[in-house]
Amino acid sequence: MKTLYRLQAIVSKELTQLKRDRMTFGMVIMIPLIQLMLFGFAINTNIRDIPVGVVDQSQTALSRVLIQTVTATQVVEFTEHFYDVESAHAAIARGEVRAVMVIPKDVSQRLVRHKTVGLGTPASSDEETSRPVAQWIVDGSDTMIAAAIKGLRAMPLTELLGLPANRITPTFEVALFYNPEQRTAVNIVPGLVGVILTMTMIMFTSAAIVRERERGNLEMLITTPIRSIELMLGKIIPYMLIGIVQVAIILGLGYSVFNVPINGSLLQLAGATLLFIMASLTLGLVISTIAKSQLQSMQMTIFVLLPSILLSGFMFPYEGMPIAAQYIAEALPATHFMRLIRGVVLRDVEIIDMTYDVTWLAIFTIIGLIVASLRFKKNLG
């Protein structure tokens, strides 16, 4: 009986302490709630409205009908029109579109030939019956996007021509760039750099100020002439070196073990990576100035880490998310780094061509340092 009384006292004490620790209590509620919302609404493998472009070399009513028919599937959304294939290639490399449909000048003749052969007219050669009416140029680095567009090879064309199912039907040719073998590792390994850096960089610095307070070093820092911004910079510089080592390990093993190519410049890769490392470290510093204990800092790190993994495009395509989830994803540094590192490593893009993501990470870093410095001054007061 005494054991039960003692046990009851301990349980009561822990519940009271949990009730007073609002941060921990909030995480108990918010973490499962966020996971439920993310997996239930934001995560969608049934991809719709993939941003694509078109090169219409025909400029005929039939080509416009073809575009409208493909659009009606709701799998893709034509957001860009290009005058030539070279401009389309550059847009795919920069990540502005995920694929481009190229409609040739003789699309009408190709469709008519398929229709007459389908109705019983003999073909002069096998090449004529197998000749595609148009071509999809696809960023194959994302296997889910590529699979969705490959599903459009013949789906809309049978209805367009009114051909019976057992007749010869025209198809689209699909050309996969950057990952023609459709290997998952090619997409996962560069993305894994962003996930690991997000986890380790935020975790390291989120406990930085809290650790100084718990060890009693904060009072010593008050008496020194060091400025808040100097302290913030001093906290993140050592971890930048750690981040570079982690990137070298991941990409090195990815190249040697999984044969993931590094097509871009190492200098471009280093610039994008350092920018992301600084953004992640400053986010950790902001968390460190908010948290009251190292346990709270860990909980807040998890609070940021889960959306960074699920919404950044690492596991699920960004295009498959609802608009609200995309807005949340845009606020996360990991989302912008996923685009940068996949663009540099897989598509050999210069970071200057992805100015939106570069600018966003730079502004995030500057604002994060300012906020962390101001909050640290507030804590000192």
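A compact table of results
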| item | result |
| --- | --- |
| Residues satisfying the stated conditions in segment 66-80, i.e. β-branched (V, I, T) and either open to solvent by 30 Å² or more (accessible area, probe 1.4 Å) or within 26 Å of the chain's Cα centre (by Cα) (or both) | T69, V70, T71, T73, V75, V76, T79 |
| Scope segment 99-116; condition under 26 Å from D142 (Cα atoms) and in contact with a Gly (Cβ under 9 Å, 6 or more places away or on another chain); matching residues | A99, V100, M101 |
| Residue match in segment 238-260 (condition: at pLDDT below 90, loosely packed, with under 15 Cβ neighbours inside 10 Å, not β-branched (V, I, T) and not in a helix (DSSP H, G or I)) | no |
| Among the residues listed as I351, I341, I309, I328, the single one being open to solvent by 60 Å² or more (accessible area, probe 1.4 Å) and within 18 Å of the chain's Cα centre (by Cα) | I328 |
| Test: residue in segment 291-302 that is among the β-branched types (V, I, T) and either under 19 Å from P333 (Cα atoms) or free of Cβ contacts under 8 Å to residues at least 12 places away in the same chain (or both) | yes |
| Complete set of residues in segment 272-314 that are aromatic (F, W, Y) and assigned to a helix (DSSP H, G or I) | F276, F303 |
| Positions within segment 83-110 being among the β-branched types (V, I, T) and surrounded by 19 or more Cβ atoms within 10 Å (Cβ to Cβ), in sequence order | I92, V97, V100, V102, I103, V107 |
| Long-range neighbours under 6 Å by Cβ, at least six apart or interchain, first residue modelled with pLDDT under 70 within segment 209-227, second surrounded by 15 or more Cβ atoms within 10 Å (Cβ to Cβ) | L218/E212 |
| Some residue of segment 370-379 being more than 23 Å from D139 (Cβ to Cβ), part of a helix (DSSP H, G or I) and among the aromatic types (F, W, Y) | yes |
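The values are calculated or read from the model by the stated rules, or taken from the named source; none is laboratory data. Quantities reported herein were computed from a predicted structural model and do not represent experimental measurements. Don't worry about glycine lacking a Cβ; one is built from the backbone with ideal geometry, like all the others, and counts go over all protein chains shown. The accessibility values were calculated without ligands, DNA or RNA, using every heavy atom of the protein model including side chains. Shrake-Rupley method; radii C 1.70, N 1.55, O 1.52, S 1.80 Å.
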